[in-house]
Amino acid sequence: MYTEKVMDHFRNPRNVGEIPDADGVGTVGNPVCGDMMTIFIKVKENRIVDIKFKTFGCGAAVATSSMITELAKEKPLDEAMKITRNDVADSLGGLPPIKMHCSNLAADALHEAIKDFEKKMRGNKK
Ligand code: FES
């Protein structure tokens, strides 16, 4: 049911943890299954220089969080903002249709973290 890549990212998730002095934090939850995901980013010159995640969820949620941190690392913010749930699923070699909603969480949490960073930047300029 799951590809080797999904199993690999589930068993050995990359970039797990927290960034205590993160520049942006995004938390999203899925009200249906109750799973939660938080993504922390460190930004330098509009580029994501570090990214970590904490996920309380199913195997697919863990694998998609791990994959999205790899996709977003070192990317400029505008490119990271364009990463979709399909990009995450494709990079994992596909997800079972019933598990596609799990990859929503990863894309949404990343986008929320970027928005949080942008909001803080605007706040600092005032
Ligand atoms: Fe909820 Fe996967 S079942 S995120």
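Values in this text are rule-based calculations from the coordinates and carry no lab data. The shown structure was predicted, so the numbers you read here are calculated from the model rather than taken from an experiment. Every residue, glycine among them, receives a Cβ derived from its backbone with ideal geometry; neighbour counts consider all protein chains shown.
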Worksheet, complete the sentence: Going residue by residue through the stretch 47-52, the Karplus relation 6.51 cos²θ - 1.76 cosθ + 1.60 with θ = phi - 60° gives ³J(HN,Hα) values, rounded to whole Hz and with x marking Gly or Pro, of 10, 7, 9, 8, 8, 9
Discussion item. Whole-Hz ³J(HN,Hα) for each residue in the stretch 53-63, computed from phi via Karplus 6.51 cos²θ - 1.76 cosθ + 1.60 with θ = phi - 60°, x for glycine and proline: what do you get?
Written reply: 9, 10, 10, 10, x, 6, x, 5, 5, 5, 5
Fill in: Cα-centred dipole magnitude for the chain, charges only on beta-carbon of K, R (+1) and D, E (-1), debye, nearest 20
320 debye
Discussion item. Nothing charged except the Cβ atoms of Lys and Arg (+1) and of Asp and Glu (-1): what's the magnitude of the dipole of the stretch 75-121 about its Cα centre? Round to the nearest 20 debye.
Written reply: 80 debye
Discussion item. Net charge around Ile19, counting only other residues with Cβ within less than 9 Å of its Cβ (Lys, Arg = +1; Asp, Glu = -1)?
Written reply: -2
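Could you give the dipole magnitude of the stretch 1-64 about its Cα centre, charging the beta-carbon of Lys and Arg +1 and that of Asp and Glu -1, in debye to the nearest 20?
100 debye
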Worksheet item: What value, in deg cm²/dmol to 500, does the helix sum -39500 (n - 2.57) over DSSP H runs of n ≥ 4 give at 222 nm once divided by the residues of the chain?
Response: -15000 deg cm²/dmol
Practice prompt. For His101 paired with Lys5, estimate the spin-label separation in nm (one decimal), with each label point 7 Å from Cα along the Cα-to-Cβ line.
Written response: 2.4 nm
Worksheet item: In percent, how large is the relative contact order of the chain, given Cα pairs closer than 8 Å and 6 or more residues apart?
Response: 31 percent
Item to complete: Rank by packing, highest mean first: peptides 102-110, 31-39, with packing defined as the count of other Cβ atoms within 10 Å averaged across residues.
Response: 102-110, 31-39
Practice prompt. May I ask which of Lys44/Lys75; Lys54/Lys125; Lys5/Lys42; Lys73/Lys115; Lys52/Lys115 have a Cα-Cα span longer than 18 Å here?
Written response: Lys54/Lys125; Lys5/Lys42
Practice prompt. Under 10 Å from the Cβ of His101, count the other residues' Cβ atoms, weight Lys and Arg +1, Asp and Glu -1, and hand me the total.
Written response: +1
Discussion item. Just to check I understand the Karplus step: with θ = phi - 60° and J = 6.51 cos²θ - 1.76 cosθ + 1.60, what whole-Hz values come out for the stretch 81-86, glycine and proline as x?
Written reply: 5, 8, 5, 10, 4, 5
